[in-house]
Amino acid sequence: MVIDALVAPFQVLARQRPVITTFVQREIRTRYVTSALGIGWALDAFGRPTTDPGAALKGVLLPFGGHKGYGMGLLVDLLTGALAGATVGKNVQQANPDPDVGGQAFFFLALNPDFFSSRDVFLERVDQLARDAKSVPPSEGFSEVLLPGELEWREEQRRTKEGIPMPEGDWSALARNLESAGIERELIERFAPDE
């Protein structure tokens, strides 16, 4: 079973910004591993714990969170695979471009708070939870407690105001590609990064 992510967004703090939590269902991503793995991250082909990346590739990567993580991974596979009519479990071949076997499926769940209590009560409770989390004294070496997605939200605000940094070589390549696609150079230059 290959599960990539579970995302849970909520609007918080006077509806200023979302809290977006992404859960990767494995301890590691195999293609980037070249050194020893952490204990409890993988099993070899015989089901024995291993820290050897090569043995792990022939065995299985374990989900985070032990048996609870296993349960969460199975639930995500059921929702995104079985419910969507896509491949599940060992039948998923992520490297295969054929969507019938590649495991490319999605599951979206939208909940209406009014069916449970009310939107206002829900939003107040979400805000309260966010305030409670941020009121905890930060660990040594940190200046504040952050909510999931808060750093990214701040960076988005900064980049919306100041622009997205882009190395000159990247901009030049992008400009050439846009021009070769028929976009006029004058239009491209209007969006050029500041020197």
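Would you calculate the separation in nanometres between label points at Ala181 and Thr51, each defined as 7 Å from the Cα along the Cα-to-beta-carbon direction?
4.7 nm
Lysines near Lys68 by alpha-carbon distance under 30 Å, same-chain residues fewer than 8 away left out - which ones?
Excluding near neighbours in sequence, the set is Lys58, Lys90, Lys134.
At R0 = 35 Å, how high is the FRET efficiency between Ala36 and Arg125 if r is their beta carbon distance? Nearest 0.05 is fine.
Given R0 = 35 Å and the Cβ-Cβ separation, E is 0.20.
Can you tell me the Rg and the Dmax, both Å, for the Cα atoms in segment 81-195?
23.1, 56
Which distance in Å, rounded to a whole number, links the C-alpha centroids of segment 123-142 and segment 151-193?
36 Å
How high is the FRET efficiency between Glu140 and Tyr70 when r is their beta carbon distance and R₀ equals 41 Å, given to the nearest 0.05?
Computed FRET efficiency for Glu140 and Tyr70: 0.75.
Every number here is computed from the coordinates shown, using simple stated rules; none is lab data. If you're wondering where the values come from, they're calculated on a predicted model, not measured in any experiment. Quick reminder, even Gly has a Cβ in these numbers, built from the backbone with ideal geometry, and neighbours come from all protein chains shown.
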